[in-house]
Amino acid sequence: MATATPPPSRLDGWEPLLAAARIVRRPLQRFLRIEAASGIVLLLAAGIALLWANSAAGASYEAFWETPWGLRLGDLRFERSLRWLVNDVAMVVFFFVAGLEIRRELSHGALAERRQALLPVVGALGGMAVPAAIYLALAGDVAPRGWAIPSATDIAFALGVLALLGRRVPLALRMLLLALAVLDDLGAIIVIALFYSSGVSVGGLLVAALGVGAILGLRAGAVQRKRAYFVPALVIWAGLYAAGLHPTLAGVLVGLLTPVRSRLGPSGFLRSCEASIARLGHAAALPGRRGAELARALAELDRVRRSALSPAEYLIEQLHPWVAFGIMPLFALANAGVVLAGLDLAGSAGTVAWSVGAGLVIGKPLGVVVFGGLVLLLGWARLPEGLDLRHLVLLGLVAGIGFTMALFVGSLAFVGTSLLDGAKVGILGGSLLTASATLILGWVLLPRAPLAGPELNPEEREAAHRPGS
């Protein structure tokens, strides 16, 4: 029996452009999915580190990460431990991506519009101040340098927990969490620069300034080759390291200097896309060299797609999977291992553990909800459409999951002391408690959303449901 051919839709001619538009919009959604998935990998890496450190081969854990690596040239040598290479070199890429995210959000993201940005800004300030105050109240006499440990949110773990709640969590809440976490990272970066750096050398700052000047010069000359920026970035890293500032700050600085405007812009993208699609149609009609022409036309379309993204967006898209599934798990593996046997939780390490845990479990939700609720009550800010106070409470709770940045600050605050083990126990225990509370409260408070896809507009949905799509 013959099947009737469906009549052509009025969108048939525009379907390639609609597909291309979805490609341009996809990076942020892909970013959120990668972060959620990487939380699972991060959890596995932390678990492996704990098992390794507490196994029969536990002595090899510290021995491995303290293995010296470096360069020797005659009497000159530069040697550091494997853990240093992870924390001070590999983590530069993590901070570079963090700088790119901050730049993007401030330019045209959730932090670009004042009333929209005020809620995460004030919530992040409260979420940093209250945990720090609780920590100092409990451990200020014993180990005051750890006050900033419970102040940062781990976006990967937090989004991973929200992903377990499925359709109960609207996209707007994940975006709000992303904005809050970006501001948390910015606050942590400022804290590291001001409070966890040694005496600053002016000579090192001058070297770093030369690197910054070189990047600004390349930008002024509209240099598009990304490799050209590598040497100035390396100069900034070396300068900050020589200055006594933590070298990972170089990653943030270079990320903040990266342009966030695309070369084509919306109108230029549409014109280039139409021309590329026309060439694609012409190549498809050629009988002879059809394969080669198609390949060239598709390559041109891919170039247009990449040009539609700003350098910051493009670098986030390229580097984020490496950071999420490589550098962050490697950092967890190198730093989350703590020997639990013999850890004196009744002494100073225990005080640090309880104080960090209290800062995450109590201080972080309290700071986000109270400070954020205050600006909402005063009418200075507004919740995104579809969210209410239940979502604000859940946001405050999930913000108490701290891991990567908390461990990083802890390693700077208590380097080479037993207090670091107490901080790790507080971070892991507090994060586990807040994650469990978030899941329970999310299942109780939030209704399950219908399956209808809010990501597509009506025309796109019509194209998606057309026979043969």
* Test result for L333, open to solvent by 10 Å² or more (accessible area, probe 1.4 Å), within 19 Å of the chain's Cα centre (by Cα), farther than 19 Å from V130 by Cβ and at pLDDT 90 or above -> yes
* Structure fact -> Checked the range 409-418 for anything assigned to a loop (DSSP other than H, G, I, E, B) and either in contact with a strand residue (DSSP E or B) (Cβ under 8 Å, 6 or more places away or on another chain) or touching a residue at least 60 places away in the same chain (Cβ under 8 Å) (or both); matches are F414, S418
* To do: May I ask you to say which residue of A381, A353 is modelled with pLDDT under 90, buried (at least 20 other Cβ atoms within 10 Å of the Cβ) and aliphatic (A, V, I, L, M)?
  => A381
* Asked: In this structure, does G211 turn out to be in contact with a Phe, Trp or Tyr (Cβ under 9 Å, 6 or more places away or on another chain) and open to solvent by less than 70 Å² (accessible area, probe 1.4 Å)?
  -> yes
* Candidate set from the range 76-127 (those that are under 26 Å from V370 (Cα atoms) and open to solvent by 50 Å² or more (accessible area, probe 1.4 Å)); member that is modelled with the highest pLDDT -> L125
* To do: Answer yes if at least one residue in the range 37-60 is at pLDDT below 70 and either closer than 25 Å to W322 by Cα or under 17 Å from the mean Cα position of the chain (by Cα) (or both), and no otherwise.
  => no
* Structure fact -> Cβ pairs under 6 Å, 6+ apart or interchain, first in the range 254-267 and within 17 Å of V212 (Cβ to Cβ), second modelled with pLDDT of 85 or more and aliphatic (A, V, I, L, M), ordered by first then second residue, are V254/A233; G255/L100; L257/I215; T258/L100
* Filter result for L210 (at pLDDT 85 or above and over 25 Å from the mean Cα position of the chain (by Cα)) -> yes
* Matching option when the condition is modelled with pLDDT under 85 and open to solvent by less than 10 Å² (accessible area, probe 1.4 Å), among A143, A163, A139, A152 -> A152
* To do: Mind listing whichever residues of the range 428-469 are of a type in the set (A, V, I, L, M, F, W, C), at pLDDT below 80 and assigned to a helix (DSSP H, G or I)?
  => A463, A464
* Just wondering, is there one or more residues in the range 173-181 that are under 19 Å from the mean Cα position of the chain (by Cα), among the basic types (K, R) and within 22 Å of F371 (Cβ to Cβ)? -> yes
* Residues located in the range 311-326, provided they are free of Cβ contacts under 8 Å to residues at least 24 places away in the same chain and either surrounded by fewer than 17 Cβ atoms within 10 Å (Cβ to Cβ) or under 11 Å from E101 (Cβ atoms) (or both) -> Q318, G326
* Asked: Based on what the data block shows, is R115 free of Cβ contacts under 8 Å to residues at least 40 places away in the same chain, on the phi < 0 side of the Ramachandran plot and over 22 Å from the mean Cα position of the chain (by Cα)?
  -> no
* Identify, please: which residue in the range 122-176 is in a helix (DSSP H, G or I) and of a type in the set (S, T, Y) and is, among those, nearest to G396 (Cα to Cα)? -> S151
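The values are calculated or read from the model by the stated rules, or taken from the named source; none is laboratory data. These numbers were taken from a predicted model, which means no experiment stands behind them. Counting neighbours? That spans all protein chains shown, and the Cβs are built from the backbone with ideal geometry, glycine included. Quick note on the areas: whole protein, heavy atoms, side chains included, nothing else; ligands and nucleic acids left out. Shrake-Rupley method; radii C 1.70, N 1.55, O 1.52, S 1.80 Å.
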